[in-house]
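To start, the structure under review is shown below, and the notes come after it.
The values are calculated or read from the model by the stated rules, or taken from the named source; none is laboratory data. This is a predicted model, so every value here is computed, not measured. Glycine gets a Cβ as well: all are built from the backbone with ideal geometry, and neighbour counts include every protein chain shown. For the accessible areas, the whole protein counts, side chains as well, though only heavy atoms, and no ligand, DNA or RNA atoms are used. Shrake-Rupley method; radii C 1.70, N 1.55, O 1.52, S 1.80 Å.
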Amino acid sequence: MIASKITLSCVTVVLLWAAVTLAATLGGSQPWHLPAWVPPPRHPADNPATPAKVELGRHLFYEKRLSANQTMSCATCHEQARAFTDGKKTAVGITGEVSTRNSMALANVAYLPTLTWGNPQIESLEVQALIPIFGEHPVEMGMAGKEALLFERLKGEPIYQKLFADAFPEQARASEAQLYSLSTVTKAIAAFQRTLLSFNAPYDRYKYGKDKTAISASAKRGEALFFGEKMECYHCHAGFIFTDNIQHSKLAFPEKGFHNTGLYNEDSKGAYPPGHSGIAEFTGRDDDMGKFRTPSLRNVALTAPYMHDGSIATLEEVIRNHYAKKGRAVHAGKPANALRSPLIAGFQVSDAEVRDLIEFLKSLTDESFVTNPKFSDPWRKQ
């Protein structure tokens, strides 16, 4: 969901502060099954995952009554068929306000230590869920100051009476106010999002399942390019989720990667356009200008357009006009961005190599993930 500065209501700020202080831990029942080569994710100590909580979260993820005019749900910007993106350059809220950020894919979000393109402070799915629902800059779902209306809508839906009680039995015994709250809503949505696991792409079957026929000869050549020193893609898109942002139960500390790839250079001194300064907006450091979080490349063939602002339409353009050129700013006729990561070194690439690399990236598409009925809209059956 969209990353930006937001203004939250008082009750939201209280929950935000409480959630930020939670310690992440492993435990509780796990409503998912992982391949042997994938370590379990971590989750907050106060939000153990249960099948009932996940099912409530799935309903809420697709719930349009979470928006002021009841036209938008989380799934509006995160469509399953697009690997939980929306195909737009940047997201659009209920008022028509256009965000500056491309909607991020949600596959394996349980393993991510930071959850937005450019705000390193958003580390909890429970907290992040508040941004699209209540954020005002930009307005997405438009529910700021409308918490009472939100809970009345949910309480008025008969299906939710059972789903909430099953997911949060202690709160159900305590009071209706505790059962229908920002805490339960955001915990349920987060629990569902942590089940969005994608580890059944052809490349997985080739690399971990030892099925040498799972990917094509072209994809195998692309793999060599991806992990080779010529293109150096693997430096930032590493590990089993293909990003240098990762946390899991076997890591003592999370790994976080934010990079300036030379996408812009507005003043020939490294400046990015207003509203696109990356983590510098939060750190206040000049050398953080233009640094954005490395996205995972799993299902990347389904998640166009690319970059934090959706400004590159295709994978071929990403390779040819951005990374091969040491950053698009150079290709646009400007000097090399002095703040650009040294990992963006540029390279000469042939048409055949571009095709092979794209074939490898396509082999990261998990068809079972984008068609799994456990992740689909439950309201379509009603």
- prompt: Based on DSSP H runs of at least 4 residues, each adding -39500 (n - 2.57), what is the mean residue ellipticity at 222 nm of the chain after dividing by all its residues, to the nearest 500 deg cm²/dmol?
  reply: -8000 deg cm²/dmol
statement: Other residues with Cβ under 13 Å from the Cβ of residue 103 give, with Lys and Arg +1 and Asp and Glu -1, a net charge of 0
message: Quick check: Cα centre of the stretch 296-360 to Cα centre of the stretch 118-197, how many Å?
response: 37
statement: Cα-based Rg/(2.2 N^0.38 Å) for the stretch 126-224, rounded to two decimals, is 1.68
field: Residues in the stretch 338-382 that a label on residue 157 would reach, taking backbone N under 18 Å of a point 7 Å out along Cα→Cβ
entry: 374-382
task: Please say if the stretch 236-317 is rounded, prolate or oblate, where rounded means a/c under 1.5 for a ≥ b ≥ c the square roots of the C-alpha gyration tensor eigenvalues, and otherwise the choice is prolate for a/b larger than b/c and oblate otherwise?
output: oblate
task: Name all residues of the stretch 89-107 having a backbone nitrogen under 20 Å from the label point set 7 Å from the Cα of residue 313 along its Cα→Cβ direction, giving them as ranges.
output: 89-92, 101-103
statement: To the nearest 10 degrees, the tilt of helix 10-20 (Cα long axis) against the first principal axis of the alpha carbons of the chain is 60
query: What part of the accessible area of the stretch 131-235, given as a whole %, is carbon or sulfur when the probe is 1.4 angstrom?
result: 53
- prompt: For the stretch 214-329, with every protein chain kept in place, what is the accessible area per residue (1.4 Å probe, Å²)?
  reply: 41
query: By a straight-distance test (C-alpha under 20 Å), which lysines pair with residue 64 as possible cross-link partners, with residues fewer than eight away in the same chain excluded?
result: 53, 88, 146, 155, 162, 187, 374, 381
Cα gyration tensor category, rounded, prolate or oblate, for the stretch 292-359 with a/c compared to 1.5: oblate
- line: DSSP beta bridges in the chain: the antiparallel percent, rounded to 5, is 90
query: How much accessible area does residue 267 have with a 1.4 Å probe, in Å² rounded to the nearest 10?
result: 70
statement: Ranked output for segments 103-115, 239-251, 358-370 by mean other Cβ atoms within 10 Å, highest leading, reads 103-115, 358-370, 239-251
query: Mind checking the angle between helix 158-167 and the chain's longest principal axis? C-alpha axes, 0 to 90 degrees, to the nearest 10.
result: 80
task: Lys and Arg at +1, Asp and Glu at -1: add these up for the other residues within a Cβ distance under 12 Å of residue 335 and post the number.
output: +2
task: Would you please classify the overall shape of the stretch 206-351 from the alpha carbon gyration tensor, given that a ≥ b ≥ c denote the square roots of the eigenvalues, rounded means a/c under 1.5, and beyond that prolate means a/b larger than b/c while oblate covers the rest?
output: oblate
- prompt: So what is the relative contact order of the chain, in percent, for Cα pairs below 8 Å that sit 6 or more residues apart?
  reply: 20
Sorted peptide list for 332-340, 184-192, criterion being average Cβ within 10 angstrom, highest first: 184-192, 332-340
message: What FRET efficiency comes out for residue 331 versus residue 97 if R0 is 30 angstrom and r is the Cβ-Cβ distance? Round to the nearest 0.05.
response: 0.45
task: Would you grab the residues whose amide H sits under 5 Å from the one on residue 278? Only those 5+ places off in sequence or on another chain, please, with H modelled 1.01 Å from N.
output: 290
task: Could you do me a favour and compute the accessible area per residue for the stretch 330-382, 1.4 Å probe, result in Å²?
output: 57
- request: Have a look at 35, 292, 177 and report the one farthest towards the positive end of the charge dipole of the chain, computed about the Cα centre with Cβ charges (Lys/Arg +1, Asp/Glu -1).
  value: 35
message: For the full complex of protein chains and a 1.4 angstrom probe, list 325, 212 by accessible area with the highest value first.
response: 212, 325
